[in-house]
Amino acid sequence: MACPLSQSFPHRFSSVTVSADQSPRIELSLLGGFELHGAGPDVAAVLAQSKPLALLAFLALSPGGRFQRRDRVVGLLWPDLDQSHARAALRKALHDLRTALGADVVSSHGDDEIALTPNVVRCDAVEFAAAIEKTHLVHALELYRGDLMPGFYLSGCVDYDRWVEDERTLAREKAAAASWALAVNYEWNRQLTEASAWARRAVRHAWTDERVLRRAMSLLDRLGDRAGAIKMYGEFATRLRADLDVEPSTETTTLVNTIRSH
């Protein structure tokens with residue numbers, strides 16, 4: 001049986017650091033809540049206005065920091081306005097961001113495209129995705145403090161809300177997968193306490209995914225923590241009934257009954 005990942009696992013998943021001279025001056029946190037650091041005295045105005053904050057988050061999460069067409073942005077944020085008024089609203093939101101965060105925070109490419117200026121804003125969600133890509137899983141999960149933009153909602157902006165939900169789900173799935181990868185590797189290295197902890201965290205990140213639950217229960221069973229596996233199932237079943245009014249699948253109940261029979 002081969003180890004699923006590199007046998008130099010403790011080094012492979014070590015934390016990474018960024019040298020001070022490369023640090024952007026503004027830090028935007030979207031995981032587990034909203035925070036802005038390193039900005040000017042008007043930063044509170046950005047956090048108090050939903051549209052400038054939504055615009056900042058959208059540009060920050062643009063893949064590779066690429067430019068976004070203004071037409072797409074106004075369609076997401078001001079779908080109820082005609083083109084002229086929507087573009088005026090976008091100009092105001094950009095003015096608010098530049099006033100609060102600095103004139104250089106947003107760059108324009110002609111009259112049709114905008115993007116965050118490179119190396120001005122650091123976003124935890126972007127760093128999280130990059131760390132996952134590089135398999136710096138411990139660092140990634142240190143960054144993942146909770147759901148992306150929790151509770152954020154724009155009235156009348158269905159497409160923007162759908163985009164947020166898709167990004168939130170993707171980040172949550174990455175966190176669950178990273179937690180499970182760590183659990184498997186800690187089990188491989190016979191670091192059983194750590195394996196159990198990461199398996200539990202994987203379930204928390206993907207609490208509606210019974211496949212993750214069954215894998216975690218099986219791992220706890222292999223580690224000899226059958227009581228922990230049964231408790232994990234009970235907590236899952238209780239939350240599933242309370243939040244979704246459904247019962248666990250037959251496959252999951254069969255597994256817990258098998259564990260009980262041991």
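The values are calculated or read from the model by the stated rules, or taken from the named source; none is laboratory data. All values derive from a computational prediction rather than experimental measurement. Every residue, glycine among them, receives a Cβ derived from its backbone with ideal geometry; neighbour counts consider all protein chains shown. These area figures cover heavy atoms from the full protein model, side chains too; ligands, DNA and RNA do not enter into them. Shrake-Rupley method; radii C 1.70, N 1.55, O 1.52, S 1.80 Å.
At-a-glance table
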item	result
Residue check, L116 closer than 15 Å to G64 by Cβ, open to solvent by less than 30 Å² (accessible area, probe 1.4 Å) and touching a residue at least 24 places away in the same chain (Cβ under 8 Å)	yes
Some residue of the stretch 95-109 being more than 26 Å from G38 (Cα to Cα) and open to solvent by 40 Å² or more (accessible area, probe 1.4 Å)	no
Single residue of the stretch 151-163 satisfying the filter (out of contact with any helix residue (DSSP H, G or I) (no Cβ under 8 Å at 6 or more places or on another chain) and in contact (Cβ under 8 Å) with a residue 40 or more places away in the chain) that is most open to solvent (accessible area, probe 1.4 Å)	V158
Counted residues, the stretch 217-236 - those being open to solvent by less than 80 Å² (accessible area, probe 1.4 Å) and within 29 Å of the chain's Cα centre (by Cα)	11
Pick from the stretch 42-71, criterion basic (K, R) and open to solvent by 40 Å² or more (accessible area, probe 1.4 Å), ranking: nearest to G102 (Cα to Cα)	K51
Failed condition for V184, given (1) open to solvent by 40 Å² or more (accessible area, probe 1.4 Å); (2) in a helix (DSSP H, G or I); (3) among the β-branched types (V, I, T)	(1)
Conditions (1) at pLDDT 95 or above; (2) open to solvent by 50 Å² or more (accessible area, probe 1.4 Å); number of the one not met by A140	(2)
Lone qualifier among R172, R239, R168 - being surrounded by fewer than 18 Cβ atoms within 10 Å (Cβ to Cβ) and free of Cβ contacts under 8 Å to residues at least 40 places away in the same chain	R239
Where T208 falls short, out of the listed (1) at pLDDT 95 or above; (2) surrounded by fewer than 15 Cβ atoms within 10 Å (Cβ to Cβ); (3) closer than 30 Å to A60 by Cβ	(1)
Scope the stretch 143-181; condition assigned to a loop (DSSP other than H, G, I, E, B), touching a Phe, Trp or Tyr at 6+ places or on another chain (Cβ under 9 Å) and aromatic (F, W, Y); matching residues	Y144, F152
Candidate set: the stretch 77-86, residues that are of a type outside the set (G, A, S) and in contact with a Leu (Cβ under 9 Å, 6 or more places away or on another chain); chosen: the one least open to solvent (accessible area, probe 1.4 Å)	L77
Criterion violated by M149 - all others in (1) within 10 Å of the chain's Cα centre (by Cα); (2) over 24 Å from L81 (Cβ atoms) satisfied	(2)
Filtered residues of the stretch 242-256 (kept if without any contact (Cβ under 8 Å) to a residue 24 or more places away in the chain and either at positive phi or assigned to a helix (DSSP H, G or I) (or both))	A242, D243, D245, T250, T253, T254
